[in-house]
Ligand SMILES: Cc1ncc(COP(=O)(O)O)c(C=O)c1O
């Protein structure tokens, strides 16, 4: 069993290094120093959640790409949080109390600010003691929910493409991921939007077994930009009720919706409050992804066990930045912050879609979040193009993203990474471009992308 596992590990983790603690002899009989670089075998659970596989982030990383490559791959902003939120962070650093441990539930001021900002969206008076939990980013919050609720072998349904952290978070906690793909629009469809990516509800029903415990819903969706409709969410709600599922509603892009799209909070559907935990992120809301402040909102029956888990994982979230996020939420309305920010993101989105239109390439117009999926079926590269080993043997999208980065200097992320192996064929037709970048960067990227024109064939003719 172990050797089977090691044979699939990258060279760095090959079995030889596990046996080299013993002394080695050289040809002339002198003792070579023992290799002590990996004395202790690490846990095999790292293998389970693809945690050891070379991930896209390290392949499409600045170090491997041309030095002037524009990074539209990773989903973080190249601009800072608002000045008045940064000022609140500075003030907090100058306050003795705000430099020390916080309550594991989160600082009272932040919980109050979350209640004031979001209570009405949940149509209820949120209880700051029992229904709100501050976490170290949305990620740690979701991880803590899984620690709190999963038993060995419990199944967790996730829609593909999925946010890549879900997978190891589930498997590290003994859970089994079960994948249900969102089905993309037909390639022939001219104008494609997030809405055209659909759930096959029979397929979803068939994926549910007596071991299914949790379903994760991400709306607005990364990377599709889909905003789930009320009717879609109602159908999921009916299944959650029928099979008694916990619903993890990952709504971290809840403030980024375009074209007057309506964000329906899953927890507000009839009967869903009691089985739903809603996930939020200050990183997304205030362009502060490195601050690692997020939150969970839900009934006491979900928040209390999750608090027990998060207390043992991080004990508490960093204090000064909780104060800054509290100030951000308190002052957001007076600064018209979320309305302005949405308009700015809409402009950023439009710069990139205009560039894709000029290019004559197909893409999914996002209704929310800050990603655009480019349909790469029509891009054709020379047969002898020199690709590195890291992208060979992966989906066609890995090659396409590499080619685009090398040829025109704009990096993107291959979408098959967000699918299980069985469904790679669905994802490999797309590359994800993030538009959480300033307008000038996006305009330059858009101009560079025109360089792909000569590599476009009509209607995926190579397939
Ligand atoms: C869908 C989704 N959920 C959660 C997160 C994680 O948010 P945070 O940075 O607050 O941990 C991300 C970040 O990219 C995301 O795209």
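The values are calculated or read from the model by the stated rules, or taken from the named source; none is laboratory data. Since we're looking at a predicted model, the values are computed, not measured. Every residue, glycine among them, receives a Cβ derived from its backbone with ideal geometry; neighbour counts consider all protein chains shown.
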Original post:
Among the residues of the range 433-451, is there at least one that is crowded, with 22+ Cβ neighbours inside 10 Å, modelled with pLDDT of 95 or more, closer than 20 Å to residue 181 by Cβ and not assigned by TED's automatic domain parsing to the domain that holds residue 183?
Top reply: no
**OP:** Give just the number: which of (1) under 17 Å from residue 432 (Cβ atoms); (2) in contact with a strand residue (DSSP E or B) (Cβ under 8 Å, 6 or more places away or on another chain) does residue 183 not satisfy?
**Re:** (1)
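Among what's in the range 186-216 and is under 22 Å from residue 357 (Cβ atoms) and surrounded by fewer than 18 Cβ atoms within 10 Å (Cβ to Cβ), pick the residue that is nearest to the ligand (Cβ to nearest atom). Spell out how you get there, then give the answer.
Residues of the range 186-216 that are under 22 Å from residue 357 (Cβ atoms), as a first pass: 186-197.
Filter again for surrounded by fewer than 18 Cβ atoms within 10 Å (Cβ to Cβ), leaving 186-191, 196.
On the way: 186: 26, 187: 26, 188: 29, 189: 25, 190: 28, 191: 25, 196: 20 Å.
Among residues in the range 186-216 that are under 22 Å from residue 357 (Cβ atoms) and surrounded by fewer than 18 Cβ atoms within 10 Å (Cβ to Cβ), the one nearest to the ligand (Cβ to nearest atom) is 196.
So which residues in the range 122-156 are more than 10 Å from the ligand (Cβ to nearest atom), in a strand (DSSP E or B) and crowded, with 24+ Cβ neighbours inside 10 Å, if there are any at all? Working first, answer last.
Initially, the range 122-156 is screened for residues more than 10 Å from the ligand (Cβ to nearest atom), giving 122-134, 144-156.
Subset that is in a strand (DSSP E or B): 132-134, 155-156.
Answer for the range 122-156, where residues must be more than 10 Å from the ligand (Cβ to nearest atom), in a strand (DSSP E or B) and crowded, with 24+ Cβ neighbours inside 10 Å: 132, 133, 134, 156.
Take the residues in the range 334-349 that are without any contact (Cβ under 8 Å) to a residue 60 or more places away in the chain and part of a loop (DSSP other than H, G, I, E, B); name whichever of them is nearest to the chain's Cα centre (by Cα). Don't jump to the end; show me each part of the working.
Looking only at the range 334-349, we keep the residues that are without any contact (Cβ under 8 Å) to a residue 60 or more places away in the chain, and these are 334, 336, 339-340, 343-344.
Still in the running and part of a loop (DSSP other than H, G, I, E, B): 334, 336.
On the way: 334: 30, 336: 27 Å.
Per the stated criteria, the residue is 336.
If you go through the range 196-205 one residue at a time, how many are in contact with a strand residue (DSSP E or B) (Cβ under 9 Å, 6 or more places away or on another chain) and not in a strand (DSSP E or B)?
Narrowing the range 196-205 to residues in contact with a strand residue (DSSP E or B) (Cβ under 9 Å, 6 or more places away or on another chain): 196-200, 203-204.
Then keep just the ones that are not in a strand (DSSP E or B); that gives 196-197, 199-200, 203-204.
Number satisfying all stated conditions: 6.
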Original post:
If residue 328 satisfies every condition in (1) within 16 Å of the ligand (Cβ to nearest atom); (2) outside any helix (DSSP H, G or I); (3) over 30 Å from residue 446 (Cα atoms) but one, which is the exception?
Top reply: (2)
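Conditions tested, residue by residue: (1) buried (at least 24 other Cβ atoms within 10 Å of the Cβ); (2) touching a strand residue (DSSP E or B) at 6+ places or on another chain (Cβ under 7 Å); (3) at pLDDT below 95.
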| position | (1), (2), (3) |
| --- | --- |
| 389 | no, no, yes |
| 393 | no, no, yes |
| 405 | no, yes, no |
| 414 | yes, yes, no |
**OP:** Need at least 3 residues that are away from the ligand (no atom under 16 Å from the Cβ) per element, so show me which helices (runs of 4 or more DSSP H) inside the range 217-320 make the cut, counting only ones lying wholly within it.
**Re:** 230-242, 300-313
Original post:
What residue, of 313, 376, 353, is under 22 Å from the mean Cα position of the chain (by Cα) and outside the structural domain of residue 432 (by TED's automatic domain parsing)?
Top reply: 313
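Would you point out which residue out of 175, 225 is within 23 Å of residue 436 (Cβ to Cβ), surrounded by 23 or more Cβ atoms within 10 Å (Cβ to Cβ) and either outside the structural domain of residue 344 (by TED's automatic domain parsing) or free of Cβ contacts under 8 Å to residues at least 40 places away in the same chain (or both)?
On the way: 175 fails: within 23 Å of residue 436 (Cβ to Cβ).
Testing whether each residue is within 23 Å of residue 436 (Cβ to Cβ), surrounded by 23 or more Cβ atoms within 10 Å (Cβ to Cβ) and either outside the structural domain of residue 344 (by TED's automatic domain parsing) or free of Cβ contacts under 8 Å to residues at least 40 places away in the same chain (or both) leaves just 225.
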Original post:
Can you name the strands (runs of 3 or more DSSP E) wholly within the range 350-463 that have at least 3 residues being closer than 16 Å to residue 162 by Cα and touching a residue at least 24 places away in the same chain (Cβ under 8 Å)?
Top reply: 371-375, 430-434
